[in-house]
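Here the structure is laid out as structure tokens; the discussion comes afterwards.
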Amino acid sequence: MPTLPLPGCAPTPLAHYLKALGILRLLAEQLPPDLPRPRGAWLGETFVLHSSLDRAGLENFFLHDYRPTPILAPWNGGSGFMDGKDEPLLASIAKSSSDRFAPYRLLITSAFDLMDDLRLSEIARRIREAQDERKKAKKAKNKKAETEWDERFKQAKAEFQAAKVPLLSVCRSRFPETVLEWLDAAYVLTREGEEYPPLLGTGGNDGNLDFTYNFMQRLVELFDLATGLPQANTGTLLTSSLFGEPVRGLTDSAIGQFFPQAAGGANSTSGFDAKALVNPWDFILMLEGALLFGAAAVKRLESAGPGELAYPFSVRPSGFGYASGSEADSAARCELWAPLWENPASLPELRAVLSEGRARLPDRAARDGFEFTRAVAGLGVDRGLTAFQRYSFAPRNGLAFFATPLDRVPVRRRPRLTALLDDLDRGNWLDRVCNAARPRSDDKRSPVPKSIATAVHQLEQAALALLRSSQQEADEQAAVESLLLAVADTEAALARSLTWTKSKGLPPVPRLSARWWESLRHTTEAELDLAASLASLGPPSLRVHWEPLDLEKPFPAWDANSREVFWQDALLEETLLAIHLRRILYAEKHPSVFAAACFAQPASIAAFLDGETDDLRLARLARALSLVTLLAGAGLAQGSRGDNYESACAKLPALYALPKLALAGRAPDSGDEMPRLAAILRRGATGDGLAATRLACQRLRASGFTPALREVPARGPAVRRALAATLFPLSPAALAALADQFRPLTLSH
């Protein structure tokens, strides 16, 4: 089937995206049935039409064969129906004689009959009368009459508003079946009343702009109502709309939220303001395409509540994923994720995708932009889609909105990465924290602390970066690390505002599975190696030293009375010494406090002692990895930093080695239990290396191991760092190799 690129139809702005859908829909529905059914696909930034029509044939169809879909909104004040049957635009179409407008004539007549039956025509007449008389009274400066007519106006408006739901219901039952697609796209009736899908504003209007009235105005500009023939400039405007060619004669009219660049207004040109210049064809085809986004009231299987509005690929807003994104952007009305596909699709296939609008997580439908991104990467959307163009319906002014294009999200299946986010969302932790952190105008008594809002926003950004990372191992590992650090920062922010956190019922981060560490351990970085060894200590986990937690329960819980919190990222050496001292006290009753699932490599400890590590990063990684379940023997991947303990331990100074052996808990040769002397650490904390190593040697000799040295004369910061490093756990083999370095020389040596 021949292909015809349409450069005038692109994924952005939204008006041009909908225009492409409108073209495909109209051709599929109105071409003769003996012709092949058209198909369409997206190739880069262009919509490509697959049909039997060439360029001239496509233009001829819209100029001579196209029959506009009759769309009306008698429930809206700006639709023309409030002005009665003599309203000029409605009357001109109702009296037209062209076959092209026959469906419109019938629908206008039906709508006025319906309003007569519901007495809405009489109410509309009273509203007009009250408006006119109020203006006259105001001009005559008759305050009493002005007030009286103002009350009558308000009363009539209230009566019209009260009859709105019955009117919407009767429209669905009495309008022709061909109009139901428009009604589905404009509103949905639920038990609670009417609901309005976001794409068409509030029932077909955006602020004061009524889409249906403007649709009819644009039709009148393009076609003669008597003959149905195109006006003089209609063909040129059509060519411009379809193929993106420059043209004169654009209309100074509003296009609403669909095309922000063409909306005009202040600061939109080199002067003070600019006119809204619109190609009438763009507006017409845009609305024709919007009809495909029909809504429905559904009862989701996982919901126990009443029917809710289901709109294709529409979710709550999330202020992330684009350069200017912030948590404040979550105040937008909604997000629309417009699907893109590369394989040609027919209208029935497109309808099937849009009618389902599927974006699911394992246990629920995606509800916001963040969850939608997770669904895209986790096989939660329809196969065949290649990307989504993300739009945010952001406030413009008053009741008006702009459909602002955000970012393009490719559909790449990353189930292994989405499994990490599913793990994080156990107990709905991720969902609950993200929802609680979004600003709400109705929650002024307990506003979201700025630190929490910022941390959660960065968490969402890190999750998005993970799902969009390349499949290169290094890039993926860096993204996992960034996300885990963001999770730890979020828990820290929650702990700092514990009163607010507990008032919202937000728990600490759930225990994360070992798959997080499996995504990180293929590295040679000393910081990650040392952090994992620290995080694997216990129980109790080092996590209790970071936040006030109770880890005795099946799920982590807050403990406001905890006295174990004294970790400071910026003071790593002091913190390690304090934790070591505290754990020596624990060890009298709980020997497992020094048990470790991961052992540090001697080469990593040597790098730490030489000051070659980034201590702040090491501290943050240790805090983050304490959230993860580290399995026994799951240190860095085999061979990452080498396994030659003899040569590696030879690089470790006696200032570190002697205290480490004395604080190991078991004698080097016999393996017998050996008490740990807290005094060794206390001397080291003061910078007295001589006293610390002397005590260490005494302890070792008392346990049957005689080191070659009796003491190491050293003072200052190097002593504190060496003693701080003794908390990093070493494997039994590494400890044995370390002990061999300090045995007295014999003849055999």
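List pairs: first in region 197-226 and within 13 Å of Ser92 (Cα to Cα), second assigned to a helix (DSSP H, G or I) and of a type in the set (D, E, K, R), Cβ under 8 Å, 6+ apart or cross-chain?
Pairs that qualify, where the first residue is within 13 Å of Ser92 (Cα to Cα) and the partner is assigned to a helix (DSSP H, G or I) and of a type in the set (D, E, K, R), are Phe223/Arg100.
Anything in region 168-224 that is under 18 Å from Ser79 (Cα atoms) and β-branched (Val, Ile, Thr)? List them, or say none.
Val170, Val179, Thr202, Thr212, Val220 - these are the residues of region 168-224 that are under 18 Å from Ser79 (Cα atoms) and β-branched (Val, Ile, Thr).
Kindly list the number of the only condition in (1) farther than 23 Å from Thr726 by Cβ; (2) touching a residue at least 60 places away in the same chain (Cβ under 8 Å) that fails for Glu527.
Single failed check for Glu527: (1).
Please specify each residue of region 41-79 satisfying the condition of being assigned to a helix (DSSP H, G or I) and touching a Lys or Arg at 6+ places or on another chain (Cβ under 7 Å). Step through it out loud before you land on a result.
Applying the first criterion (assigned to a helix (DSSP H, G or I)) to region 41-79 yields 55-65, 77-79.
None - no residue of region 41-79 is assigned to a helix (DSSP H, G or I) and touching a Lys or Arg at 6+ places or on another chain (Cβ under 7 Å), so the list stays empty.
Tell me, yes or no, whether region 493-507 has at least one residue that is surrounded by fewer than 18 Cβ atoms within 10 Å (Cβ to Cβ) and of a type in the set (Phe, Trp, Tyr).
yes
Being crowded, with 17+ Cβ neighbours inside 10 Å and not aromatic (Phe, Trp, Tyr) narrows it down to one residue among Ala455, Ala474; which is it?
From the options Ala455, Ala474, the qualifying one is Ala455.
Considering each residue of region 699-717, count those that are within 25 Å of Phe608 (Cα to Cα), assigned to a loop (DSSP other than H, G, I, E, B), touching a Leu at 6+ places or on another chain (Cβ under 9 Å) and not hydrophobic (A, V, I, L, M, F, W, C), and give that number.
Residues in region 699-717 being within 25 Å of Phe608 (Cα to Cα), assigned to a loop (DSSP other than H, G, I, E, B), touching a Leu at 6+ places or on another chain (Cβ under 9 Å) and not hydrophobic (A, V, I, L, M, F, W, C): 3 in total.
Using the structure shown, decide if Thr178 is modelled with pLDDT under 95 and in a helix (DSSP H, G or I).
Against the criterion (modelled with pLDDT under 95 and in a helix (DSSP H, G or I)), Thr178 qualifies.
Yes or no, residue by residue, for (1) in contact (Cβ under 8 Å) with a residue 40 or more places away in the chain; (2) touching a Lys or Arg at 6+ places or on another chain (Cβ under 9 Å); (3) within 24 Å of Gln601 (Cα to Cα):
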residue	(1), (2), (3)
Ala679	no, no, no
Gly689	no, yes, yes
Thr693	no, yes, yes
Ala696	no, yes, yes
Arg710	no, yes, no
Gly716	no, no, no
Val719	yes, yes, yes
Leu723	yes, yes, yes
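Yes or no: Ser446 among the hydroxyl-bearing types (Ser, Thr, Tyr), under 26 Å from Ser562 (Cα atoms), touching a residue at least 12 places away in the same chain (Cβ under 8 Å) and surrounded by 14 or more Cβ atoms within 10 Å (Cβ to Cβ)?
On the way: among the hydroxyl-bearing types (Ser, Thr, Tyr): yes; under 26 Å from Ser562 (Cα atoms): yes; touching a residue at least 12 places away in the same chain (Cβ under 8 Å): yes; surrounded by 14 or more Cβ atoms within 10 Å (Cβ to Cβ): no.
Answer is no for this residue.
Any chance you could count how many residues in region 78-93 are among the hydroxyl-bearing types (Ser, Thr, Tyr) and crowded, with 20+ Cβ neighbours inside 10 Å? Step through it out loud before you land on a result.
Narrowing region 78-93 to residues among the hydroxyl-bearing types (Ser, Thr, Tyr): 79, 92.
Then drop every residue that is not crowded, with 20+ Cβ neighbours inside 10 Å, which leaves 79.
Selection size over region 78-93: 1.
If I ask for residues that are of a type in the set (A, V, I, L, M), under 15 Å from Tyr213 (Cα atoms) and within 46 Å of the chain's Cα centre (by Cα), which ones from region 66-108 would you list?
Selection gives Ile71, Leu72, Ala73, Met82, Leu89, Leu90, Ile93, Leu107, Ile108.
Just checking, which of Asp688, Asp669, Asp740 is acidic (Asp, Glu) and in contact with an Asp or Glu (Cβ under 8 Å, 6 or more places away or on another chain)? Can you show your working first?
On the way: Asp688 fails: in contact with an Asp or Glu (Cβ under 8 Å, 6 or more places away or on another chain); Asp669 fails: in contact with an Asp or Glu (Cβ under 8 Å, 6 or more places away or on another chain).
Every option except Asp740 fails the conditions.
Is there a residue being out of contact with any Phe, Trp or Tyr (no Cβ under 9 Å at 6 or more places or on another chain), without any contact (Cβ under 8 Å) to a residue 40 or more places away in the chain and among the acidic types (Asp, Glu) anywhere in region 567-575?
no
Mind checking which residues of region 490-543 are in contact with a Pro (Cβ under 9 Å, 6 or more places away or on another chain), small (Gly, Ala, Ser) and farther than 14 Å from Ala557 by Cβ?
If the condition is that a residue be in contact with a Pro (Cβ under 9 Å, 6 or more places away or on another chain), small (Gly, Ala, Ser) and farther than 14 Å from Ala557 by Cβ, then Ala493, Ser497, Ser533, Ser536 are the ones that fit.
Please return the ranges of helices (runs of 4 or more DSSP H) entirely within region 466-522 where 3 or more residues are more than 18 Å from Thr454 (Cα to Cα) and touching a residue at least 40 places away in the same chain (Cβ under 8 Å).
Numbers: elements: 473-496, 498-503, 515-518.
Per the criteria, 473-496, 515-518.
I need a count of the residues in region 365-415 that are at pLDDT below 80 and part of a loop (DSSP other than H, G, I, E, B).
Qualifying residue count, region 365-415: 7.
Just for region 94-117: of the residues that are assigned to a helix (DSSP H, G or I) and hydroxyl-bearing (Ser, Thr, Tyr), which one is surrounded by the most Cβ atoms within 10 Å (Cβ to Cβ)? Give the steps one after another, and end with the answer.
Pass one, region 94-117, residues assigned to a helix (DSSP H, G or I): 94, 99-117.
Narrowing the set further to residues that are hydroxyl-bearing (Ser, Thr, Tyr) leaves 104, 109-110.
Working: Tyr104: 23, Thr109: 12, Ser110: 18.
In this case the residue turns out to be Tyr104.
So which strands (runs of 3 or more DSSP E) stay within region 240-356 end to end and still have 2 or more residues that are on the phi < 0 side of the Ramachandran plot, modelled with pLDDT of 75 or more and not acidic (Asp, Glu)? Lay out the reasoning, then the answer.
Working: elements: 296-298, 308-310, 335-341.
By residue number, 335-341.
Using beta carbons and a limit of 7 Å, which pairs, at least six apart or on different chains, have the first residue in region 131-153 and exposed (fewer than 15 other Cβ atoms within 10 Å of the Cβ) and the second one at pLDDT below 95 and of a type outside the set (A, V, I, L, M)?
So the pair list comes out as Lys138/Glu146.
Using beta carbons and a limit of 9 Å, which pairs, at least six apart or on different chains, have the first residue in region 81-106 and over 17 Å from Thr69 (Cα atoms) and the second one surrounded by 20 or more Cβ atoms within 10 Å (Cβ to Cβ) and of a type in the set (S, T, N, Q)?
Between residues of region 81-106 that are over 17 Å from Thr69 (Cα atoms) and residues that are surrounded by 20 or more Cβ atoms within 10 Å (Cβ to Cβ) and of a type in the set (S, T, N, Q), the close pairs are Met82/Asn76.
Tell me, please, whether a residue that is on the phi < 0 side of the Ramachandran plot, surrounded by fewer than 23 Cβ atoms within 10 Å (Cβ to Cβ) and over 30 Å from the mean Cα position of the chain (by Cα) can be found in region 199-208.
Looking for residues that are on the phi < 0 side of the Ramachandran plot, surrounded by fewer than 23 Cβ atoms within 10 Å (Cβ to Cβ) and over 30 Å from the mean Cα position of the chain (by Cα), one finds at least one in region 199-208, hence yes.
The values are calculated or read from the model by the stated rules, or taken from the named source; none is laboratory data. These numbers were taken from a predicted model, which means no experiment stands behind them. Virtual Cβ from ideal backbone geometry, glycine too; neighbours counted across all protein chains shown.
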